[in-house]
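Heads up: the structure comes next, in C-alpha cells.
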Amino acid sequence: MGLTKSLDDINSVLDTFSDQIAEIRDQPAKVDDAFRKAAIAAAEVEGASVFGLVGAVAGAVYGSITEDDFTGYMQDHKEAIKKKIQELLDKLQSAVDSLKAPIAFLLTSEAWTTLKGKIGEAQNNEVVNGNLTGYWAGAAALKYTAARTLQDTTLDSAKSTCDKMADALAKISDIAWDFYSKIVTDIADLLIKFGKALAKIATFIAAPVGVSDAIDVLGKVISSTVDYTDKLLKALIAQRESITKIDESKTNQKGFLNNRWPRSAADDFNINSPSSEWQAT
C-alpha cells in the first residue's frame, strides 16, 4: 500500500463512499421510475398497434394510470432488482457503521508518535542538563550516574513502544483505506452501468436486456463486497494479533524492573548538607 495515507486521503475516500451510499439508497425510486416509463411505453406500443396515433396517446395515459398493475415478467424483475439493491446495502452496512474507524486509528497512531516526540524532548533535556560529571563526586554521584543511565535506557524502551504502536495503528488505517478505496471504485462503476440498465428498461423494447444488466452488475458488486470484507477481516485479525504481541512485549521492558519506572539514586538530597556520600568538586 506504500506510504501511510494522510488524514486528507482517508477523509476523501470516506466522503466519496458516504455520497455513494446515499446515491444507492436513491436507486429503488429510480427503478420504480424506469419501470413506470416502461409500462407507459408498453401501453403506447400496444395502443398504436391497434388504433394508431390516437391509440398510442390513449395507451400512454392508460399505462401511466395502471403502472402499479404492470404484472408478469417485468413486475417480478422490478422487485428482484430492488431486493438486490437492498442486499447490497445490507452487505455495505458494516462499512457504513465503521466509517469513523480509519480516522480514529490514524489519529491514535499520530498520538503515539507525538508521545514519542515528547519523551525524546525530555530525554534530550536530561542529556544536556542532567550531567553532573565534573561537578559532583562521591558514592552518591556514582549512584546518580548509574540511575541516570538506567532511566535513559528506560526512555529508549518507551520510545520503541511508541514506534511499534504508531506503526501498527497506521497499518490498520491503511488497510481500511484500501478496503474503502476498492469499494468506492466498484460502486462508481456500478452506478454508471446501473444507470444505463435503467435507461434500457425505461424504453420497454430493451427492457429484458436492461433487467439482465441491472441484476448482473448488482450481483458482481455484492460478490466483490463480500470478498473485500472477508479480506479486510483477515487483515484486521492479523493486525490485532500484532498489537497483542506488542502489548505482551511491554511487560518487563528493558529498564522497567517489575514494570515500574526506575527510582532515582536517593530519596532526598540537600545541597546545604554535604557528606561523604557526595562532595562538590
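Quick look at the values:
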read-out	value
Looking only at the stretch 77-98, and only at residues there that are under 12 Å from the mean Cα position of the chain (by Cα) and open to solvent by less than 40 Å² (accessible area, probe 1.4 Å), the one that is nearest to Ala22 (Cα to Cα)	Val96
Candidates Thr161, Thr149, Thr185, filtered to the one that is outside any loop (DSSP other than H, G, I, E, B), β-branched (Val, Ile, Thr) and surrounded by 15 or more Cβ atoms within 10 Å (Cβ to Cβ)	Thr161
Residue among Asn272, Asn259, Asn252 that is open to solvent by 100 Å² or more (accessible area, probe 1.4 Å) and either modelled with pLDDT of 70 or more or out of contact with any strand residue (DSSP E or B) (no Cβ under 8 Å at 6 or more places or on another chain) (or both)	Asn272
Given (1) within 30 Å of Thr161 (Cα to Cα); (2) open to solvent by 50 Å² or more (accessible area, probe 1.4 Å); (3) touching a residue at least 40 places away in the same chain (Cβ under 8 Å), number of the condition Ala199 does not satisfy	(1)
Residue check for Ala170: out of contact with any Cys (no Cβ under 7 Å at 6 or more places or on another chain), open to solvent by 50 Å² or more (accessible area, probe 1.4 Å), in a helix (DSSP H, G or I) and of a type in the set (A, V, I, L, M)	no
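The values are calculated or read from the model by the stated rules, or taken from the named source; none is laboratory data. This one's a predicted model, so the numbers in the text were calculated from it and none came from an experiment. Cβ atoms come from the backbone with ideal geometry, glycine included; neighbour counts cover every protein chain shown. When the accessible area is computed, the model is the full protein with side chains, heavy atoms only, and any ligands, DNA or RNA have been set aside. Shrake-Rupley method; radii C 1.70, N 1.55, O 1.52, S 1.80 Å.
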